[in-house]
Amino acid sequence: MSLKTPLGKVRGLGSAKDGTHHWWAQRVTAVALVPLTLWFVYAVMALAGADHATASAWLASPFNAIAMLLLIIATFHHLHLGLQVVVEDYVHAEGTKIAVMLAVKLGVFALAIAAGFAVLKVAFTA
């Protein structure tokens with residue numbers, strides 16, 4: 001016995017089987033952000049009052065540069081997932097929804113690339 005209407009069966013509407021993946025990705029990025037954010041807060045507090053050369057040398061350390069890149073990746077992926085849910089839930093016009101989703105995706109991607117580039121530039125030129 002199916003709960004789909006005959007019209008729904010014809011159109012093929014129903015579960016896209018994508019919600020679980022999205023839900024898990026949001027939870028995994030949230031869990032990954034906990035230690036990365038704690039590490040970042042500790043590092044910022046330890047570097048408080050340091051000069052530019054000290055901060056650059058700190059970021060040039062392979063562990064710190066990699067941890068910072070992981071923080072950037074997890075943060076922006078989590079941001080994208082959250083904004084996608086907000087747009088899907090609150091923007092109802094299909095054309096506007098597509099435009100906003102495209103803007104969100106491109107904006108988050110551009111910011112993540114810029115942040116990653118900044119970390120790599122400092123890490124390799126310090």
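All of the numbers you see were taken from the coordinates with simple rules; none came from a lab. The shown structure was predicted, so the numbers you read here are calculated from the model rather than taken from an experiment. Counting neighbours? That spans all protein chains shown, and the Cβs are built from the backbone with ideal geometry, glycine included.
Inter-label distance, residue 53 to residue 86: 4.2 nm, where each label sits 7 Å from its Cα along the C-beta direction. To the nearest whole percent, what portion of all C-alpha pairs in segment 18-125 is separated by more than 21 angstrom? Tail of the P(r) past 21 Å holds 47 percent of the pairs.
If you stretched the chain out fully between residue 109 and residue 28, how much longer would it get, using 0.36 nm times the residue separation minus the C-alpha to C-alpha distance? Write out the running numbers ahead of the final one.
Numbers: separation 81, 0.36 × 81 = 29.16 nm, distance 1.91 nm.
Additional length available on full extension: 27.3 nm.
Here the spin labels are modelled as points 7 Å beyond Cα on the Cα-Cβ line, and at residue 38 and residue 121 they lie 3.3 nm apart.
Please list 67-79, 35-47 highest first by mean number of surrounding beta-carbon atoms within 10 Å per residue.
Values: 67-79: 18.4, 35-47: 12.5.
The packing order, highest mean first, is 67-79, 35-47.
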